[in-house]
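A quick write-up on the structure given underneath.
Nothing in this text is a laboratory measurement; each read-out follows from the coordinates by a stated rule. Keep in mind that this is a model prediction, so the values were computed, not measured. Note that each Cβ is placed from the backbone with ideal geometry, even for glycine, and that neighbours are counted across all protein chains shown.
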Amino acid sequence: MPLLTQAADTDSARVFLRLVGPEEAVEIFGIRLVGLSVQNGKKLLLTLAFLIIIFVIARLTRSMILRLLRHRSERAVFWSRQVIQLVLALLILLAIASIWFSEPRTLATAFALITAGLAFALQKVVTAVAGYFVILRGKTFNVGDRVSVSGVRGDVIALGFIQTKIMEMGLPPAAEGADPAIWVQSRQYTGRIVSVSNARIFDEPVYNYSLDFPFIWEELDFFITLDSDRERAEEIILEATKRHTTQIQQIGEEALRELERRYLLKPTELGPRVYYRLGGGGLQLSVRFITEDHGARAAKDAMNREILAGFEREGIQIASTTIAIVRVPPVRIDQDTPAPPD
């Protein structure tokens with residue numbers, strides 16, 4: 001009993017599977033299967049072969065890029081990967097369109113239908129892909145930047161078409177009440193990798209610690225008693241701050257001038273400065289200084305150690321909330337004594 005025959009076979013009752021028409025459509029028990037034909041099968045095989053070739057080329061290209069740029073910056077590797085991804089995605093789209101659509105009119109109709117379907121069923125995905133191109137074109141952030149987006153703070157370690165991966169970091173004391181809770185009380189890695197949708201950039205602000213100006217201003221507060229030598233305390237604070245931030249000030253000066261040139265930013269100074277404030281049972285000395293976006297905790301730790309050592313040498317007392325008893329009131333104890341026996 002034959003399994004496969006052409007449409008010209010007259011004994012259709014005995015035919016299980018046959019090819020019908022000029023396109024050789026597949027027909028089973030006289031029922032034609034929509035879209036299943038020899039021609040479409042060839043197109044499917046050609047598409048799979050092309051995707052395999054593209055996959056191999058992508059792996060080889062990435063390996064060559066990593067070897068050539070292994071001594072370059074992270075951003076050079078990042079942009080190289082993004083260019084490779086975009087070129088490969090474009091090649092895949094062009095190849096699929098060329099294989100499956102032979103007429104431009106059919107391609108335009110299919111493209112319109114697919115676009116309408118995606119816009120309705122995959123709104124968030126389409127928005128995320130649009131966010132990806134906005135991130136690249138608008139220079140919102142790059143791989144290696146320290147950012148805060150959608151409640152997540154950390155360093156960008158990967159950027160995809162739909163999601164951005166961030167290595168989460170802890171929070172400074174002023175932001176410890178944020179949600180979700182963070183157990184690391186400083187801007188250092190927690191070990192969690194968080195995936196954030198690229199669509200978030202359209203709905204929420206993006207805080208970038210590194211874009212255009214890879215430095216941040218920090219502050220340290222010291223409380224001393226009112227009878228301490230505040231002028232000497234200020235000198236100790238400024239000496240320690242300058243010792244740990246002088247090189248950063250020199251590097252940041254040029255970056256700040258460029259920032260003022262590109263944006264409507266008022267001129268500001270980079271040198272450290274101490275501000276006074278009364279309160280808390282003493283005098284608060286707040287030193288403002290510039291530091292790098294990475295390594296701020298180490299710089300503040302070194303400054304705190306040096307300043308505390310200087311305070312001890314000069315006899316400067318750290319203020320704290322205490323209660324001083326200057327006079328003890330008289331104490332009277334009444335005790336009932338039993339009556340003497342008769």
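Simple rule: put +1 on each Lys or Arg Cβ and -1 on each Asp or Glu Cβ in the stretch 215-314, find the dipole, and look at Ala255, Trp217, His244; the Cα lying farthest toward the positive end is Ala255.
The Rg/Rh ratio of the stretch 215-314, with Rg taken over Cα atoms and Rh as the Kirkwood radius over Cα pairs, comes to 1.03. For every other residue with a beta carbon closer than 13 angstrom to the beta carbon of Ala130, add +1 if it is Lys or Arg and -1 if Asp or Glu, then tell me the sum. Net of charged neighbours comes to +2.
Once both labels are modelled 7 Å past Cα along the beta-carbon direction, what's the Thr190-Trp217 spacing in nm? Taking the two extended label points, one gets 2.8 nm.
Taking amide H as placed 1.01 Å from N in the peptide plane, Arg153 has its amide H under 5 Å from the amide H of Met169, each at least 5 places away in sequence or on another chain. Fewest-first ordering of Val274, Val147 by other beta carbons within 10 Å of each residue's beta carbon gives Val274, Val147. Straight-line reach from Lys139: taking Cα to Cα under 19 Å and skipping same-chain neighbours fewer than 8 places apart, the lysines in range are Lys165.
The lysines within cross-link reach of Lys42, meaning a Cα-to-Cα straight distance under 18 Å and a gap of 8 or more places when in the same chain, come to none at all. Net charge of the neighbourhood of Glu254, taken over other residues with C-beta under 15 Å away and scored Lys/Arg +1, Asp/Glu -1, is -3.
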